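Below is one structure; the comments refer to it alone.
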Amino acid sequence: MKRRLRRLGVATAATYIGALIVLMLLENTLMYPAPATNNGDWEPTWLGHEEVHFESADGTRLHGWFCEHPAARGVLLLCHGNGEHLAFLADELEAWREEFGLSVMAFDYRGYGKSGGKAFESGILADGEAAQSWLAERTGQPPESIILFGRSLGGAVAVHLASQKGAKGLILDRTFSSMVDVAADMFPWAPVRWLLRNRYPSDEKILAYQGPLLQIHGLYDRVVPYRFAEKLFAASPSADKQLLTSDTLGHNDAWPDEFYQSLHAFIDSLTAAGGGRADRRGGRRP
């Protein structure tokens, strides 16, 4: 009996260790599920955009789209989520430009879309820094005058940029306190807090940003549980911060209409627009 129990214990331990090894080997694959490049619309001729090519700090070639508003009342950098690339964003870019009156740029991280390289935390953050620098130079705006928008993983990129160079305003859509928190919730049986390499500690980095913050989350989010949005919001030292909460909003759902009203008010407060809002032309809203 003792021998049988010993064998069972050894087999269980081996299975557990094997599962941890597989999880470690698949970390980047699980964290960065970039869509195939043959998905989406890579030639939205109706958008009227500039193809952008620039390099990250280590020389990785990156790709983006810049949509200039002829009378922009502000400039926005869009950092997308980990399941997206540029070819899914044309409608959203048009909405930021036409509905909100902003010049806007979106870009693909390394390993996404037509950008080179492979995704990993420090590389993706460096990609965000390079995009922010390109946009600042292109528009003649200092980095701290650019509005940052980040969705999910992109929220961690936006927080990082705000903590390094500042921002006119920070808009975070269904992002997290840290990737460690999310991964530990998904894999409670694994010592994720010790093993995870891609950590994105936004709750620590946001301490360095004291500007305006608009954060959006849903209680129905099963990917990034609401408590992690609360943790990030609580960590923010900003005196001008809002957390918009929906009882029904999931991680990939469209925002309720009242959120757009709050977003308009937030953009208005940042840009001090005196001429009213830009006309809406439909399309996917942010």
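Side notes on the structure shown:
- For the range 212-241, taking the residues that are of a type outside the set (Ser, Thr, Tyr), within 18 Å of the chain's Cα centre (by Cα) and in a loop (DSSP other than H, G, I, E, B), the one that is nearest to Ser163 (Cα to Cα) is identified as Pro212.
- Taking each residue of the range 251-274 that is over 14 Å from Leu102 (Cα atoms) and touching a residue at least 12 places away in the same chain (Cβ under 8 Å) and looking for partners that are of a type outside the set (Asp, Glu) and surrounded by fewer than 13 Cβ atoms within 10 Å (Cβ to Cβ) with beta-carbon atoms closer than 7 Å, six or more apart or interchain, yields His251/Arg222.
- Candidate set from the range 149-195 (those that are under 17 Å from Gly218 (Cβ atoms) and among the β-branched types (Val, Ile, Thr)); member that is surrounded by the most Cβ atoms within 10 Å (Cβ to Cβ): Thr175
- Members of the range 197-241 found to be closer than 23 Å to Ile267 by Cα, of a type in the set (Ser, Thr, Tyr) and either surrounded by fewer than 17 Cβ atoms within 10 Å (Cβ to Cβ) or in contact with a strand residue (DSSP E or B) (Cβ under 6 Å, 6 or more places away or on another chain) (or both), listed by number: Ser236, Ser238
- Some residue of the range 139-148 being touching a Phe, Trp or Tyr at 6+ places or on another chain (Cβ under 8 Å) and either modelled with pLDDT of 95 or more or surrounded by fewer than 24 Cβ atoms within 10 Å (Cβ to Cβ) (or both): no
- Of all residue pairs spaced 6 or more apart or on separate chains, those with beta-carbon atoms under 6 Å, a first member in the range 226-244 that is touching a residue at least 40 places away in the same chain (Cβ under 8 Å) and a second member that is crowded, with 17+ Cβ neighbours inside 10 Å and of a type in the set (Ser, Thr, Tyr) are Phe228/Ser177; Lys231/Ser177; Leu232/Ser177; Leu232/Ser202.
- Within the range 90-200, strands (runs of 3 or more DSSP E) holding 2 or more residues that are farther than 22 Å from Arg61 by Cβ: 147-151, 169-173
- Considering residues of the range 242-254 that are assigned to a loop (DSSP other than H, G, I, E, B) and of a type in the set (A, V, I, L, M) only, the residue modelled with the lowest pLDDT: Ala254
- Top-ranked residue of the range 166-216 - restricted to ones that are out of contact with any Leu (no Cβ under 8 Å at 6 or more places or on another chain) and of a type in the set (S, T, N, Q), ranked as nearest to Gly150 (Cα to Cα): Ser178
- One residue from Leu270, Leu244, Leu249 being touching a strand residue (DSSP E or B) at 6+ places or on another chain (Cβ under 6 Å), of a type outside the set (Lys, Arg) and farther than 30 Å from Val180 by Cα: Leu270
- Among the residues of the range 43-61, those that are in a loop (DSSP other than H, G, I, E, B) and either farther than 20 Å from Pro33 by Cα or in contact with a Leu (Cβ under 6 Å, 6 or more places away or on another chain) (or both) comprise Glu43, Pro44, Thr45, Trp46, Leu47, Gly48, His49, Ser56, Ala57, Asp58, Gly59.
- Qualifying residue in the range 62-84 (condition: in contact with a strand residue (DSSP E or B) (Cβ under 6 Å, 6 or more places away or on another chain), among the aliphatic types (A, V, I, L, M) and outside any strand (DSSP E or B)): yes
- Subset of the range 15-46 [at pLDDT 70 or above, among the aliphatic types (A, V, I, L, M) and more than 27 Å from Ala126 (Cβ to Cβ)]: Ile21
The values are calculated or read from the model by the stated rules, or taken from the named source; none is laboratory data. Because the structure is predicted, anything quoted here is derived from the model rather than measured. Backbone-built Cβ (ideal geometry, glycine too); neighbour counts: all protein chains shown.
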